[in-house]
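These notes are about the structure you will find just below.
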Amino acid sequence: MSVGMDTVQIPLAPTRPTGWRAWLPSLLRARHPDMVHATDIATRETTMRVALRSFGVVVAFWWSTTGVVFALERTPGTRLLGLVVASALALWGASLVYLERDRDTPSAARRSFLGGAFLWTWAQVTFYGGWIIGPEALRLSIPAEPPSWSFAVRAVLSMFWYQLVMLGVLATTAFFTHKRVNRVGWYTAALFWVVHQVASINIFLGVENPGRGFFPDQLVFLESYFGPVQNSWFLPFTLACVITYTVVTAVLAIRGRTPAYRQGKMLLTVIGALSVLELAVLGAPIQLPLWEAFLAVRGY
């Protein structure tokens, strides 16, 4: 027995969770950021690291979702599966945009991007899967005509129901993020929609590589509205506009004062860069084997 000595208890170091306990907090945080406490360390990240992460997130999403939409056109059963999965992701995407709207962190910007992207994907699946394409009177293959105002009106009406769905998505994301600190989800959905409109107008006016044969059977009638197989004046004009947008957004991302702002702008920069690639492919007589594996699954 020692006299005059106090017993000192040394706290044991907490054990780090492994297995499913390690990834559960991040999953919960993605679903509801207030459920767990987390610290973002992106304040120490370089611009290059933010750019590479943004490039990986956007390209992986763009390539995989486009390919999966192609592949799911194989049978009526796979089409239905695609609609169910896309609808589930749309609900998750809406919750991400809503829950992350008041968080000003890089991870919140990425999750808001995914939310807006999931909603945009759902709109694409409802149209290109043949679920929401309007009345039978709009699905008629007609002889191709030179571009004109009356022909343009018919082309717009042929995609009118898709446009209504997409405008509903834009209205939802705008309502969720109005005057909120994190509006990346809204910007993402809006930018995807604008790029889709630009590509559609270019195909209508005429491009070298419009991509015939990619539509499922119920949408083959849209090829009636393809313009001549030569590039119109509109293609270089839109290319210049999209390149300018991409450069300006990249500069804003580099000069951004907060990590969240840099991350959000960098994600939008990558979308702009992919849009430049898409327009360039439309104007070049080449076929890039980006989705060959998915098309093989579809039986194309």
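Largest first, the residues Phe176, Phe221 sort by 1.4 Å accessible area into Phe176, Phe221. For Leu239, Leu80, the ranking by accessible surface with the largest value first comes to Leu80, Leu239, using a 1.4 Å probe. Packing, taken as the mean count of other beta carbons within 10 Å per residue, orders the peptides 195-201, 122-128 from highest to lowest as 122-128, 195-201. Only Cα pairs under 8 Å and 6+ residues apart enter the sum, and on that basis the relative contact order of segment 155-228 stands at 30 percent.
The values are calculated or read from the model by the stated rules, or taken from the named source; none is laboratory data. On a predicted model such as this, the values are computed, not experimentally measured, just so you know. As a convention, Cβ positions derive from the backbone with ideal geometry for all residues, glycine included, and neighbour counts pool all protein chains shown. The accessibility values were calculated without ligands, DNA or RNA, using every heavy atom of the protein model including side chains. Shrake-Rupley method; radii C 1.70, N 1.55, O 1.52, S 1.80 Å.
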